[in-house]
1. Checking the structure you have, find out if any residue of the stretch 77-91 is open to solvent by less than 30 Å² (accessible area, probe 1.4 Å), closer than 29 Å to G167 by Cα, at pLDDT below 95 and not basic (K, R).
2. Among the residues that make up the stretch 100-113, is at least one of them part of a strand (DSSP E or B), surrounded by 15 or more Cβ atoms within 10 Å (Cβ to Cβ) and modelled with pLDDT under 95?
3. Tally up the residues in the stretch 22-52 that are of a type in the set (V, I, T) and either within 11 Å of R120 (Cβ to Cβ) or touching a Ser or Thr at 6+ places or on another chain (Cβ under 9 Å) (or both), please.
4. Of everything in the stretch 40-75, what is out of contact with any helix residue (DSSP H, G or I) (no Cβ under 8 Å at 6 or more places or on another chain), open to solvent by 30 Å² or more (accessible area, probe 1.4 Å), assigned to a loop (DSSP other than H, G, I, E, B) and in contact (Cβ under 8 Å) with a residue 24 or more places away in the chain? Give them in sequence order.
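The values are calculated or read from the model by the stated rules, or taken from the named source; none is laboratory data. Please read all numbers here as calculations on a predicted model, not as lab measurements. Cβ placement follows ideal geometry from the backbone for every residue including glycine, while neighbour counts extend to all protein chains displayed. Side chains included, ligands, DNA and RNA excluded: accessible areas come from the protein's heavy atoms. Shrake-Rupley method; radii C 1.70, N 1.55, O 1.52, S 1.80 Å.
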Amino acid sequence: MWGVAPGMARVLPRPRSPLTAVRRWYEEELGWPTTGTEPVELPTGLRFDALEMPADAGSAVLRRLPRTGPVALLRAGCDGNHQDDRPKLLMLIAAGGAEELPGILEWLEWGALVPELTARGTGDRMPAPAFPPAGAPSYGFGSREAARWVRPPRPGYETENSLPTTGFGAGNGDDGGVPGLVRLVSAAATECHRARLLRARNAQSDRAKGDQPLAFSNASRMSAGTRPRSLTL
């Protein structure tokens with residue numbers, strides 16, 4: 001057998017980083033650009049934007065709308081750009097939707113009443129959830145993961161035309177497709193408001209019994225100034 005010459009170190013291939021596999025999955029399987037950072041992040045404003053809300057409100061939205069675009073769950077305190085002490089849900093929407101969000105909220109008569117409902121668009125980014133293992137029914141957090149998929153993207157299927165958007169041809173969710181952006185924002189604003197009021201009620205456990213349901217109480221309507229249009233959609 002030939003040995004290694006004295007003074008020459010054996011060169012071994014460097015093991016592939018799990019982060020490299022994650023980056024390649026997004027770029028090669030989905031065609032989504034990624035950042036050159038570690039951990040891997042996905043820039044928004046290019047292939048998609050992301051509607052962001054507290055996880056408790058987002059879970060209620062998912063129950064109301066069984067079909068949406070891809071949805072990711074963000075672990076509390078793990079996003080370097082958007083620190084928060086609560087987990088968040090990120091719902092992918094068509095690129096440009098982040099810029100439309102303020103106008104949609106004004107039209108729905110929510111205005112600034114739901115500060116927890118925001119969006120990530122051009123110039124922003126989101127943590128890249130670990131890619132779903134083939135055949136896995138659910139996706140949990142790994143030791144280094146900031147996010148996981150709740151409704152994962154499907155290679156070869158999720159394109160710009162399959163995400164919630166506005167304008168002519170936007171879906172309403174009644175034909176098996178994803179809902180239009182207005183309907184999605186309407187549901188998200190309602191559930192964000194409801195969840196915030198519920199948190200406030202739970203924090204004030206000494207409230208007198210017999211109050212009206214807080215999400216639709218007189219106090220809630222007075223604080224809103226009107227009955228939001230979205231509650232009728």
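1. No, there is no match, as no residue in the stretch 77-91 is open to solvent by less than 30 Å² (accessible area, probe 1.4 Å), closer than 29 Å to G167 by Cα, at pLDDT below 95 and not basic (K, R).
2. Going through the stretch 100-113, the residues part of a strand (DSSP E or B) turn out to be none.
Within the stretch 100-113, none of the residues are part of a strand (DSSP E or B), surrounded by 15 or more Cβ atoms within 10 Å (Cβ to Cβ) and modelled with pLDDT under 95.
3. Let us first name the residues in the stretch 22-52 that are of a type in the set (V, I, T), namely 22, 34-35, 37, 40, 44.
Going one step further and asking which of them are either within 11 Å of R120 (Cβ to Cβ) or touching a Ser or Thr at 6+ places or on another chain (Cβ under 9 Å) (or both), we end up with 22, 40, 44.
Total meeting the criteria: 3.
4. Across the stretch 40-75, the qualifying residues are L46, R67, R75.
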